[in-house]
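Structure record follows, encoded as structure tokens.
The values are calculated or read from the model by the stated rules, or taken from the named source; none is laboratory data. Here the structure is a predicted model, which means the values were calculated and not measured. Glycine also receives a Cβ, built like all others from the backbone with ideal geometry; neighbour counts cover every protein chain displayed.
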Amino acid sequence: MTVPVPVPVDLAALSRAATAVDRVKVDLPLDYVAETLWGTSFVAVRDRLHGPCPVHEADGDDHDPSLHVWREDTGTWRWRCSPCAEGGDVLSLLRWASSLSFPDAVAEAARLLDSMPADWVGTRVEARAAADPGELEASLAGYRDQLAESAFAEAHWDAWLAGRGLDALGASAARLYEDWGVGGSDWALCVPHRSPGGALTGLKLRSGDQKWAATGSRFTYLYGSWRDEGRPEVVLVEGESDAWTAALLWPERDVLALPHGVAKPKEAWLAPLRGRTVYVALDSDEASDPVADLWMAALATEAERAVRLRPAAGKDLGDHVAAGGKAAEVRRTLLPLAVRAVHQQVRDSGVTSA
Ligand SMILES: [Zn+2]
């Protein structure tokens, strides 16, 4: 017979732990956490701070930042990222963004609180003013001249495109220059964003495998708006390089891209899609799938027809193409398979397709 052994409860320890949990929620500023762990800088918007979300905006796009942090009247710091549909206190932030267990999040928060300088004041960057279009044009012209004149820059960016498997589709720096107005130097690819009327609204710079940096734009329009011919079928993708990929895959359709990572539909973005057949080829992952659902719901009423395209391999079209590894292999096998898979989806959905 087993005699149950009473487990001794250390009430004092429990009380200390509860106190520590309460303390970090109040005493540990969330902008300090984000700045320390992810290098986040914040813009003050009324009584809240806005910074790039460490999860879905981790690619360095810091415009219209969607991680909002604030302190409630009770003193507790709280956060929310609407695109990710997540929010809570410091512990939920650490558990979510750093994938920590609850005890590890408590320990990490305590460590951060201990490491915070007593005189710490958060970074408060000014909201960015819209850039001067003349300055942007001059900057882009510089990059375009360099790309046209530097054999090294062209070879460098050709190699970068090849690394993503895009050379198999016929992409090259020279082609992006012609088709998308892209410029480039020895160290950066410079990607212009333009309004439907062709006005330059912003530039994105990418250096090698580093992240995108944006300048100037509030990204009011979908990327590719100025090339949109209003054809009956349009492909909606996420980001510039997927736009290039999609345009090479489906030259008979227009291509528009969400200009800064996954984001919910808004009026200015829905307007050009109205009454057309829209192929929604947003990324397939945890961050993008719920947003793609929102797009499908919005397009159900706005578009002639909406068809969700899911890349079979990897999370986006670029992965799909790059997953083939060697360019020759992509050319031989993966690309025809990708196209067949997409056409099959299109047939399954009842759309007659070229
Ligand atoms: Zn997010």
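Miscellaneous remarks
- Filtering the stretch 52-63 to residues that are at pLDDT 80 or above and within 16 Å of THR215 (Cα to Cα) leaves only PRO52.
- Pick from the stretch 163-200, criterion closer than 18 Å to ALA246 by Cα and aromatic (Phe, Trp, Tyr), ranking: nearest to the chain's Cα centre (by Cα): TRP180
- Within the stretch 176-204, the residues that satisfy the criterion of being surrounded by fewer than 18 Cβ atoms within 10 Å (Cβ to Cβ) and touching a helix residue (DSSP H, G or I) at 6+ places or on another chain (Cβ under 9 Å) are ASP179, ASP186, TRP187, SER195, PRO196, GLY197, GLY198, ALA199.
- Counting residues in the stretch 204-217 that are of a type in the set (Ser, Thr, Tyr) and more than 30 Å from ALA306 (Cβ to Cβ) gives one or more.
- The set of residues in the stretch 162-208 being touching an Asp or Glu at 6+ places or on another chain (Cβ under 7 Å) and of a type in the set (A, V, I, L, M) consists of ALA173, ALA174, VAL191, LEU200.
- Residue pairs meeting the criteria (Cβ under 6 Å; at least 6 apart or on separate chains; first within 21 Å of ASP228 (Cα to Cα), in the stretch 170-194; second buried (at least 20 other Cβ atoms within 10 Å of the Cβ) and charged (D, E, K, R)): VAL191/LYS204; VAL191/GLU240
- Any hit, the stretch 68-77, residues being within 15 Å of the ligand (Cβ to nearest atom), surrounded by fewer than 19 Cβ atoms within 10 Å (Cβ to Cβ) and not in a strand (DSSP E or B): no
- Residues that are within 16 Å of the ligand (Cβ to nearest atom) and either free of Cβ contacts under 8 Å to residues at least 12 places away in the same chain or not assigned by TED's automatic domain parsing to the domain that holds ASP22 (or both) within the stretch 93-125 comprise ARG95, SER99, listed in sequence order.
- Extreme residue, surrounded by the fewest Cβ atoms within 10 Å (Cβ to Cβ), among residues of the stretch 239-279 that are touching a helix residue (DSSP H, G or I) at 6+ places or on another chain (Cβ under 7 Å), assigned to a helix (DSSP H, G or I) and without any contact (Cβ under 8 Å) to a residue 60 or more places away in the chain: LEU270
- Taking the stretch 129-180 and the helices (runs of 4 or more DSSP H) fully enclosed by it, the elements with 1 or more residues that are more than 30 Å from TRP250 (Cβ to Cβ) and in the same structural domain as ARG206 (by TED's automatic domain parsing) are at 133-149, 151-163.
- Looking only at the stretch 78-92, and only at residues there that are free of Cβ contacts under 8 Å to residues at least 60 places away in the same chain and under 23 Å from ASP293 (Cα atoms), the one that is nearest to the ligand (Cβ to nearest atom): CYS81
- Candidates ALA85, ALA110, ALA118, filtered to the one that is at pLDDT below 95 and within 26 Å of the chain's Cα centre (by Cα): ALA85
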